Amino acid sequence: MCFLYILKSMSDDALFTYWNKASTSELMDFFTISEVCLHQFQYMGKRYIARNQEGLGPIVHDRKSQTLPVSRNRTGMMHARLQQLGSLDNSLTFNHSYGHSDADVLHQSLLEANIATEVCLTALDTLSLFTLAFKNQLLADHGHNPLMKKVFDVYLCFLQKHQSETALKNVFTALRSLIYKFPSTFYEGRADMCAALCYEILKCCNSKLSSIRTEASQLLYFLMRNNFDYTGKKSFVRTHLQVIISVSQLIADVVGIGGTRFQQSLSIINNCANSDRLIKHTSFSSDVKDLTKRIRTVLMATAQMKEHENDPEMLVDLQYSLAKSYASTPELRKTWLDSMARIHVKNGDLSEAAMCYVHVTALVAEYLTRKEAVQWEPPLLPHSHSACLRRSRGGVFRQGCTAFRVITPNIDEEASMMEDVGMQDVHFNEDVLMELLEQCADGLWKAERYELIADIYKLIIPIYEKRRDFERLAHLYDTLHRAYSKVTEVMHSGRRLLGTYFRVAFFGQGFFEDEDGKEYIYKEPKLTPLSEISQRLLKLYSDKFGSENVKMIQDSGKVNPKDLDSKYAYIQVTHVIPFFDEKELQERKTEFERSHNIRRFMFEMPFTQTGKRQGGVEEQCKRRTILTAIHCFPYVKKRIPVMYQHHTDLNPIEVAIDEMSKKVAELRQLCSSAEVDMIKLQLKLQGSVSVQVNAGPLAYARAFLDDTNTKRYPDNKVKLLKEVFRQFVEACGQALAVNERLIKEDQLEYQEEMKANYREMAKELSEIMHEQICPLEEKTSVLPNSLHIFNAISGTPTSTMVHGMTSSSSVV
């Protein structure tokens with residue numbers, strides 16, 4: 001209040017003298033204080049005051065901390081303190097001793113409205129004086145300088161904080177003057193100030209007060225008309241694009257535009273254009289009409305988004321559809337991808353957020369490549385400084401979005417960029433690209449996908465080398481060091497969990513409409529259990545359709561829609577795991593590589609020829625279903641439609657081969673881990689070596705390898721099963737040796753018991769297979785690993801498949 005009193009009382013000459021003597025940082029602090037004043041004395045409204053009077057308003061905070069003296073002796077202390085003050089809650093009204101009657105509330109609201117208006121007008125007068133006296137300094141670099149940015153922030157603050165109706169009318173007048181005096185700030189160079197102004201004006205176009213809507217609509221029209229005049233009456237592409245982007249952002253931020261009030265504001269803008277005689281014989285009025293038409297098209301999505309605001313998957317799908325529709329307008333596509341990233345961050349889906357950042361960056365890279373605004377090539381690390389300079393000076397291979405294909409093949413979407421007027425005013429440049437690349441690296445770090453950070457830095461490092469920015473280079477290489485250290489850490493611990501996957505199918509035309517019969521792969525965080533996602537989807541759709549109308553299909557088998565009751569909405573959820581063929585497994589050596597860029601998933605369903613789901617080992621069959629998604633995970637969405645299915649039926653002996661092969665693979669993996677999980681190892685050992693009559697590995701041996709049974713099965717499959725058992729005995733021996741090396745004295749008896757069971761198991765297997773199965777004896781397997789056996793029984797074609805293996809398959 002003291003600052004404002006001095007400001008209002010000072011003569012213009014005294015202010016000019018102070019401003020001329022002040023340093024840049026002091027001028028910045030001066031305008032920061034102005035922002036703090038606008039924040040602290042904003043008009044909260046009569047209803048807010050009444051709620052406080054009734055004790056329903058926000059809790060009143062102690063203002064002692066706001067009145068402490070500010071130290072000017074330390075660099076940056078003043079600015080930091082002002083920033084802190086600007087972030088404080090202004091929930092206090094000026095007088096808390098007023099009465100409870102309507103007259104008292106009205107009196108208090110008038111007092112606060114008057115003081116808020118006076119503060120606003122004082123700040124406006126000061127800004128007007130400053131912009132008049134320092135016009136040349138503010139116009140430096142076409143108005144894109146720190147001082148102009150600070151002054152503009154104060155102007156923007158008038159629209160961002162609650163103001164009285166009288167004050168806002170004066171604000172709109174001041175903004176017209178600012179636009180008229182500094183047109184290059186809004187229509188040349190980077191569009192950030194024009195974008196911010198459009199966003200705030202459009203929010204005012206949705207005001208509850210008709211006078212404010214009218215003023216805001218006329219100001220927006222003035223901005224477009226001034227832009228048109230600035231280009232020599234050719235176009236107003238800058239404002240046109242920024243208005244569309246701002247509308248998209250307002251929808252994405254769930255501000256609630258699109259209703260009758262906003263539609264009325266659009267009509268006011270159209271009427272202004274139709275009645276403006278000075279531009280009657282130009283294309284301006286038709287261009288304005290086209291703009292409002294495009295805004296209404298965007299607003300049509302608002303109702304759908306509002307309907308699905310509690311359905312994160314559907315909300316992101318709708319925003320993704322809008323992003324796709326703006327392939328010819330890079331900034332709009334970027335707007336929706338940014339919005340999707342915010343939703344993912346809010347929901348904790350950090351891998352999907354990181355992929356949104358990657359797609360945004362690839363979009364900008366593709367745009368720059370096409371516009372030849374920047375030439376850059378991602379070289380391999382390490383490389384020499386001189387080589388980098390030679391590349392930057394010579395014919396550089398411009399890759400655009402394809403440079404990001406090493407991160408995700410989904411990036412090819414950005415190559416479909418088309419060109420129209422929406423690209424004329426895009427001001428992406430190398431600096432924007434660098435900011436986005438670093439945002440990608442930060443997003444990938446938060447998503448724990450440390451291995452990909454190097455691929456991003458390979459694109460950044462050459463540019464910083466070209467700039468000789470050694471400080472940034474040092475920071476990048478330090479981050480790379482920490483990223484690779486993290487990779488080593490998570491590989492040793494095995495505690496990084498990059499997602500769990502589920503097949504989700506929807507049935508019920510009357511409820512799901514276009515979604516009826518569709519199948520998706522859902523990616524859920526960490527180790528999400530089946531019960532958790534099932535309950536989440538059940539609650540989500542019960543809230544939409546009513547709990548009495550939604551049913552969960554418990555079976556994972558194929559559903560015939562004709563067997564379902566059309567009165568209900570059905571949801572089927574099945575846990576699936578990533579599926580790789582032999583070639584992929586050879587290429588994907590680490591757990592990360594088997595969790596990144598995955599499209600195929602698998603689940604299995606047990607059945608018997610008699611119709612029962614479960615039976616004895618000699619009659620137990622199973623159906624393996626492999627699902628292929630349209631895109632790879634992770635993606636900009638956490639659910640992806642299924643493209644097609646492939647089914648393979650395994651007969652009982654093939655089931656035995658498959659199950660035993662899995663046991664071998666699990667034991668080998670546990671033994672080869674850098675940090676052995678003893679609990680898991682001992683549980684696997686106990687389930688493997690314990691001699692049981694009707695369960696466990698020996699049950700398979702008795703059912704398929706006993707003399708009385710072998711003749712009922714093909715020789716090649718019997719041989720395969722015998723080979724798996726040889727590998728199994730060897731793997732158990734290795735596991736026992738590892739366990740013996742790690743256990744303490746209190747588990748020696750337990751170890752001896754497992755060794756005895758192991759020897760007993762090997763002895764019984766020797767009798768069944770009529771060959772000597774030697775415990776703890778290392779052998780060289782005929783087949784180097786169990787993967788060949790898995791491929792043989794699943795029908796996956798490989799060069800090492802044992803000839804003669806067949807299985808029934810079908811493709812859907």
**Item:** Out of LYS458, LYS486, LYS523, sole residue that is in contact (Cβ under 8 Å) with a residue 60 or more places away in the chain, part of a helix (DSSP H, G or I) and of a type in the set (Lys, Arg)
**Value:** LYS458
**Item:** Residues located in segment 704-740, provided they are among the polar types (S, T, N, Q) and free of Cβ contacts under 8 Å to residues at least 12 places away in the same chain
**Value:** THR708, THR710
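Listed here are the residues, each with its yes/no results for (1) in contact with a Leu (Cβ under 7 Å, 6 or more places away or on another chain); (2) of a type in the set (Val, Ile, Thr); (3) within 30 Å of ALA447 (Cβ to Cβ).
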{"site": "ILE268", "(1), (2), (3)": "no, yes, no"}
{"site": "LEU278", "(1), (2), (3)": "no, no, no"}
{"site": "SER285", "(1), (2), (3)": "no, no, no"}
{"site": "ALA301", "(1), (2), (3)": "yes, no, yes"}
{"site": "VAL316", "(1), (2), (3)": "no, yes, yes"}
{"site": "TYR320", "(1), (2), (3)": "no, no, yes"}
**Fill in**
All-but-one check, VAL421 against (1) more than 19 Å from the chain's Cα centre (by Cα); (2) at pLDDT 50 or above; (3) open to solvent by 50 Å² or more (accessible area, probe 1.4 Å); (4) under 30 Å from PHE236 (Cβ atoms), failing number (2)
**Item:** Qualifying position, being of a type in the set (Ser, Thr, Tyr), open to solvent by 20 Å² or more (accessible area, probe 1.4 Å), within 23 Å of TYR230 (Cα to Cα) and assigned to a helix (DSSP H, G or I), among TYR199, TYR155
**Value:** TYR199
**Message:** Just the residues that are open to solvent by 60 Å² or more (accessible area, probe 1.4 Å) and touching a helix residue (DSSP H, G or I) at 6+ places or on another chain (Cβ under 9 Å), please, taken from segment 472-488.
**Reply:** ARG472, TYR477, ARG482, TYR484, LYS486
**Asked** Out of all the residues in segment 709-766, which are assigned to a helix (DSSP H, G or I), farther than 29 Å from GLU618 by Cα and either open to solvent by less than 20 Å² (accessible area, probe 1.4 Å) or aliphatic (A, V, I, L, M) (or both)?
**Response** LEU736, ALA737, VAL738, ASN739, LEU742, LEU748, GLN751
**Message:** Between THR166, THR122, THR173, which is closer than 30 Å to CYS2 by Cα, surrounded by fewer than 21 Cβ atoms within 10 Å (Cβ to Cβ), out of contact with any helix residue (DSSP H, G or I) (no Cβ under 8 Å at 6 or more places or on another chain) and hydroxyl-bearing (Ser, Thr, Tyr)?
**Reply:** THR173
**Message:** Any residue in segment 206-231 that is of a type outside the set (Asp, Glu) sitting within a Cβ distance under 6 Å of a residue that is in a loop (DSSP other than H, G, I, E, B) and open to solvent by less than 20 Å² (accessible area, probe 1.4 Å)? List the pairs, counting only those 6 or more apart or interchain.
**Reply:** ASN206/ILE257; ARG213/CYS205; ALA216/CYS205; SER217/CYS205; MET224/PHE236; ASN227/PHE236; PHE228/PHE236
**Prompt:** Counting just the residues of segment 235-249 that are small (Gly, Ala, Ser) and over 10 Å from LEU197 (Cα atoms), which one comes out least open to solvent (accessible area, probe 1.4 Å)?
**Reply:** SER248
**Request:** For residues that are open to solvent by 40 Å² or more (accessible area, probe 1.4 Å) and in contact (Cβ under 8 Å) with a residue 60 or more places away in the chain, tally how many sit in segment 530-556.
**Result:** 2
**Item:** Looking only at segment 684-708, and only at residues there that are at pLDDT 85 or above and open to solvent by 50 Å² or more (accessible area, probe 1.4 Å), the one that is nearest to LEU667 (Cα to Cα)
**Value:** LYS684
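The values are calculated or read from the model by the stated rules, or taken from the named source; none is laboratory data. Just so it is clear, the model here is predicted, and its values are computed rather than measured. We place every Cβ from the backbone using ideal geometry, glycine too, and count neighbours over all the protein chains shown. Protein only, heavy atoms only, side chains kept; ligands, DNA and RNA dropped before computing areas. Shrake-Rupley method; radii C 1.70, N 1.55, O 1.52, S 1.80 Å.
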